[in-house]
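S.K.: One structure coming up, written as structure tokens, with questions to follow.
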């Protein structure tokens with residue numbers, strides 16, 4: 001951590017160049033002695049990346065930033081604040097503290113938080129920033145969090161861990177493939193706490209995770225703007241009969257869809273008549289949960305088709321976690337060939353063609369609010385739904 005960067009003139013330069021070309025700055029000559037041009041570029045890039053992701057850090061003077069990769073890999077404030085709701089008790093240890101965003105929000109709920117980070121430079125930065133942000137109930141340990149638990153006797157009400165994948169090959173991975181190896185150390189974690197919260201990447205299959213982990217009480221699927229950001233696995237010392245799965249959308253309005261594993265096996269209502277007034281498209285978090293039929297039951301919607309995760313209804317329900325469209329018309333594939341002056345955003349769901357080809361084939365012009373949804377219905381087969389967006393993700 002180069003404290004020269006905290007000089008007032010250097011900080012003013014960083015703020016003044018947030019919209020500048022950081023590559024040019026990195027390749028140029030530094031304007032400040034004791035600070036390399038690369039360091040200046042890193043501070044600018046990381047601060048700029050924090051503007052929307054970490055507004056508290058961005059708006060606070062004299063925050064020191066790590067390399068950009070640490071900002072890209074850390075939680076957003078939105079997801080960190082949600083995680084803080086899941087902790088149990090008054091003491092917590094974050095075994096993979098990183099830049100310290102999660103620990104900062106845990107410290108707003110718990111009485112005492114211990115931040116472990118194996119990278120000593122990152123640990124120093126997190127410690128310094130906690131002071132700048134005025135969070136005083138945090139302890140910082142530069143070292144291996146698992147080793148700290150193994151060698152010590154301390155117990156914590158909650159443990160948080162964010163294991164990193166050791167291999168980037170393939171789309172499917174196991175928790176055993178991550179560092180720290182949570183599966184290997186699960187007994188130790190349960191011995192030292194009442195609750196464990198594990199963050200994993202969205203790629204982890206829920207069924208595969210449940211096979212590897214014992215005592216899972218809850219699984220939280222977190223998404224923002226229709227992108228699943230992370231899975232949270234809550235493990236309690238006392239086993240539960242059924243795992244609770246919660247899909248959470250954190251947009252302008254937080255929406256939660258929660259159920260016990262097994263409930264998703266309910267039957268859905270399917271389209272029996274004409275397509276109705278409103279079309280519903282679930283958020284990615286709901287789709288990740290696998291509760292395709294339960295969505296239909298909970299919101300009193302009919303599915304268009306067994307293999308099409310689109311739903312319709314005559315009623316408008318703004319509590320639905322996903323997009324809602326008002327249907328203007330339904331066009332068959334045969335009718336589409338006769339249509340002229342087509343416009344709209346093209347969406348393809350369970351339809352035998354690609355969006356880019358359909359745009360060229362039918363000369364469809366872009367339109368911000370109007371949509372042409374190419375899909376299938378149980379009754380009519382291939383259909384094109386002309387619709388206007390009423391609710392975004």
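S.K.: Can you report the number of residues in segment 166-182 which are at pLDDT 85 or above, surrounded by 17 or more Cβ atoms within 10 Å (Cβ to Cβ) and either part of a loop (DSSP other than H, G, I, E, B) or in contact with a helix residue (DSSP H, G or I) (Cβ under 9 Å, 6 or more places away or on another chain) (or both)?
M.R.: Residues in segment 166-182 being at pLDDT 85 or above, surrounded by 17 or more Cβ atoms within 10 Å (Cβ to Cβ) and either part of a loop (DSSP other than H, G, I, E, B) or in contact with a helix residue (DSSP H, G or I) (Cβ under 9 Å, 6 or more places away or on another chain) (or both): 3 in total.
S.K.: Within segment 278-298, can you find the residues that are within 22 Å of residue 379 (Cβ to Cβ) and either crowded, with 20+ Cβ neighbours inside 10 Å or at pLDDT 95 or above (or both)?
M.R.: If the condition is that a residue be within 22 Å of residue 379 (Cβ to Cβ) and either crowded, with 20+ Cβ neighbours inside 10 Å or at pLDDT 95 or above (or both), then 278, 279, 280, 281, 282, 295, 296 are the ones that fit.
S.K.: Among the numbered criteria (1) free of Cβ contacts under 8 Å to residues at least 60 places away in the same chain; (2) more than 16 Å from residue 331 (Cα to Cα); (3) within 30 Å of the chain's Cα centre (by Cα), which single criterion is violated by residue 344?
M.R.: The single condition residue 344 does not satisfy is (2).
S.K.: Among the residues of segment 32-62, write down those that are over 18 Å from residue 132 (Cβ atoms) and not in a helix (DSSP H, G or I).
M.R.: 32, 33, 34, 35, 36
S.K.: A further question on this structure: Restricting segment 216-248 to residues that are under 22 Å from residue 78 (Cβ atoms) and outside any strand (DSSP E or B), which is modelled with the highest pLDDT?
M.R.: 226
S.K.: Then there is this: Considering segment 195-209 alone, what residues qualify as being part of a strand (DSSP E or B) and either touching a helix residue (DSSP H, G or I) at 6+ places or on another chain (Cβ under 6 Å) or surrounded by fewer than 16 Cβ atoms within 10 Å (Cβ to Cβ) (or both)?
M.R.: Within segment 195-209, 196 is the sole residue that qualifies.
S.K.: Among 104, 65, 13, which is the only one that is under 16 Å from residue 138 (Cβ atoms) and surrounded by 15 or more Cβ atoms within 10 Å (Cβ to Cβ)?
M.R.: Step by step, each of 104, 65, 13 is checked, and only 104 is under 16 Å from residue 138 (Cβ atoms) and surrounded by 15 or more Cβ atoms within 10 Å (Cβ to Cβ).
So that you can scan it fast, the table gives a plain yes or no per residue for (1) in contact with a helix residue (DSSP H, G or I) (Cβ under 7 Å, 6 or more places away or on another chain); (2) in the same structural domain as residue 147 (by TED's automatic domain parsing); (3) modelled with pLDDT of 95 or more:
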residue	(1), (2), (3)
33	no, no, no
47	yes, no, yes
51	yes, no, yes
56	yes, no, yes
86	no, yes, yes
97	yes, yes, yes
104	yes, yes, yes
110	no, yes, yes
120	no, yes, yes
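S.K.: In segment 355-391, what count of residues is obtained for those that are in a loop (DSSP other than H, G, I, E, B) and on the phi < 0 side of the Ramachandran plot?
M.R.: The qualifying residues number 8.
S.K.: Given the residues 312, 357, which is the only one that is without any contact (Cβ under 8 Å) to a residue 12 or more places away in the chain and either out of contact with any strand residue (DSSP E or B) (no Cβ under 9 Å at 6 or more places or on another chain) or under 18 Å from residue 284 (Cα atoms) (or both)?
M.R.: 357
S.K.: Among the numbered criteria (1) at pLDDT 95 or above; (2) within 24 Å of residue 264 (Cβ to Cβ); (3) in contact with a helix residue (DSSP H, G or I) (Cβ under 9 Å, 6 or more places away or on another chain), which one does residue 302 miss?
M.R.: Tallying (1) at pLDDT 95 or above; (2) within 24 Å of residue 264 (Cβ to Cβ); (3) in contact with a helix residue (DSSP H, G or I) (Cβ under 9 Å, 6 or more places away or on another chain), residue 302 fails exactly one: (1).
S.K.: Follow-up question, since we're still on this one. Could you please give the count of residues in segment 63-89 that are under 19 Å from residue 145 (Cβ atoms) and assigned to a loop (DSSP other than H, G, I, E, B)?
M.R.: Number satisfying all stated conditions: 7.
S.K.: For segment 285-309, give me the residue count where each residue is free of Cβ contacts under 8 Å to residues at least 24 places away in the same chain, more than 23 Å from the chain's Cα centre (by Cα) and under 20 Å from residue 206 (Cβ atoms).
M.R.: 0
S.K.: Take residue 227 and decide whether it is surrounded by fewer than 18 Cβ atoms within 10 Å (Cβ to Cβ) and within 17 Å of the chain's Cα centre (by Cα).
M.R.: yes
The values are calculated or read from the model by the stated rules, or taken from the named source; none is laboratory data. From a predicted model like this one, the values you see are computed outputs, not experimental measurements. Quick reminder, even Gly has a Cβ in these numbers, built from the backbone with ideal geometry, and neighbours come from all protein chains shown.
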